[in-house]
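J.: Got a structure for you, written out below as structure tokens; questions coming shortly.
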Amino acid sequence: MDILTSHIRELLRVLFMKYFHPESRGAKLLGGSPSFNKTRLSFDTLTVNFDRVRLVNSNFQDEFALLDFATHVSDLVSTLETMAAHQGFLDRLQDPTAIAFFNLGEFLAKLFPIVGPGPMQQNIVKWVTQVFTICSQSAEQDDFVHLYIARFYRTVLAHVASTSSVPNTRPSSPNANGKEPQLETYKDPFEDVGWLVQEELESHNDGSRNTALADKDYWQSLFPTVADDVMSWLDWHQPDP
């Protein structure tokens with residue numbers, strides 16, 4: 001597995017240097033064009049999926065895979081943001097993009113409690129919020145792919161918030177001299193997005209169309225070989241006051 005992993009990592013590195021590095025010929029000739037950005041989105045998705053496999057195979061113990069994953073998800077979100085800057089380009093996104101971002105959103109939701117309180121949880125909330133913000137741009141119809149993605153990511157955010165129990169502090173590692181450990185302070189990752197979580201909760205509770213749970217048929221159609229409800233893991237409840 002280590003040999004195969006090294007081979008794939010090298011292949012991805014060569015592809016990046018040849019086509020996507022800012023100084024590469026491909027980037028200089030086509031960089032910024034819709035076709036270039038669409039290809040870059042596919043490449044970024046591929047690298048993120050590779051990192052996901054590495055994390056799962058290591059039982060989430062591979063710190064290098066986690067760091068690579070964080071870097072590549074940031075790249076993926078940045079590419080999506082660049083694409084959104086082209087007027088009307090989001091409206092041309094198709095189902096394969098929705099599948100890729102559904103899988104990423106599901107993985108981020110399941111990764112959140114595994115990594116524990118700290119910078120990575122804050123990154124996860126930031127990425128989910130960024131994807132929602134980018135994809136929620138207005139469109140003429142509510143069945144454009146990017147709007148399905150936006151509703152899904154807002155629901156993911158609420159799901160993560162409803163199952164989160166992030167303490168404000170936790171003990172740091174014991175000191176070598178045997179003294180009592182100090183408390184490490186953590187920022188609440190939902191501090192700046194509480195309004196968005198509340199908006200999703202209200203939409204869910206009043207049966208609004210504006211929630212991913214109302215799009216279940218669409219998402220199920222993208223995973224026809226999955227016998228179970230592909231969104232069953234998103235069952236959540238409003239936290240007690």
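The values are calculated or read from the model by the stated rules, or taken from the named source; none is laboratory data. Being a predicted model, the structure only gives us computed values, none of them experimental. Note: ideal-geometry Cβ built from the backbone for every residue, glycine included; neighbour counts use all protein chains shown. Heavy atoms of the whole protein, side chains included, go into the accessibility calculation; ligands, DNA and RNA do not. Shrake-Rupley method; radii C 1.70, N 1.55, O 1.52, S 1.80 Å.
J.: Within the stretch 29-81, take every residue that is touching a Ser or Thr at 6+ places or on another chain (Cβ under 7 Å) and of a type in the set (Lys, Arg) and give me the one that is farthest from Met120 (Cα to Cα).
T.: Start the filter on the stretch 29-81 by keeping residues that are touching a Ser or Thr at 6+ places or on another chain (Cβ under 7 Å), which leaves 37, 40-41, 44, 54, 65, 72, 76.
Retained after the next criterion (residues that are of a type in the set (Lys, Arg)): 40, 54.
On the way: Arg40: 24, Arg54: 17 Å.
The selected residue is Arg40.
J.: So, one more: Keeping to the stretch 70-92, report how many residues are open to solvent by 40 Å² or more (accessible area, probe 1.4 Å) and in a helix (DSSP H, G or I).
T.: Number of matching residues: 9.
J.: Scan the stretch 136-144 and tell me whether some residue there is open to solvent by 20 Å² or more (accessible area, probe 1.4 Å), of a type in the set (A, V, I, L, M, F, W, C) and in a helix (DSSP H, G or I).
T.: Within the stretch 136-144, not a single residue is open to solvent by 20 Å² or more (accessible area, probe 1.4 Å), of a type in the set (A, V, I, L, M, F, W, C) and in a helix (DSSP H, G or I).
J.: Taking the stretch 28-69 as the search range and keeping residues that are of a type in the set (Gly, Ala, Ser) and surrounded by fewer than 18 Cβ atoms within 10 Å (Cβ to Cβ), which one is nearest to Asp95 (Cα to Cα)?
T.: Filtering the stretch 28-69 for residues that are of a type in the set (Gly, Ala, Ser) and surrounded by fewer than 18 Cβ atoms within 10 Å (Cβ to Cβ), the one nearest to Asp95 (Cα to Cα) comes out as Ser42.
J.: Taking Val73, is it of a type outside the set (S, T, N, Q) and either within 21 Å of Thr133 (Cα to Cα) or at pLDDT 90 or above (or both)?
T.: Here the answer is yes, as Val73 does meet what is asked.
J.: Moving on to the next point. What about Gln130, is it surrounded by fewer than 14 Cβ atoms within 10 Å (Cβ to Cβ) and closer than 26 Å to Phe36 by Cβ?
T.: Against the criterion (surrounded by fewer than 14 Cβ atoms within 10 Å (Cβ to Cβ) and closer than 26 Å to Phe36 by Cβ), Gln130 does not qualify.
J.: Can you tell me which of Phe102, Phe60 is among the hydrophobic types (A, V, I, L, M, F, W, C) and part of a helix (DSSP H, G or I)?
T.: Only one candidate qualifies: Phe102.
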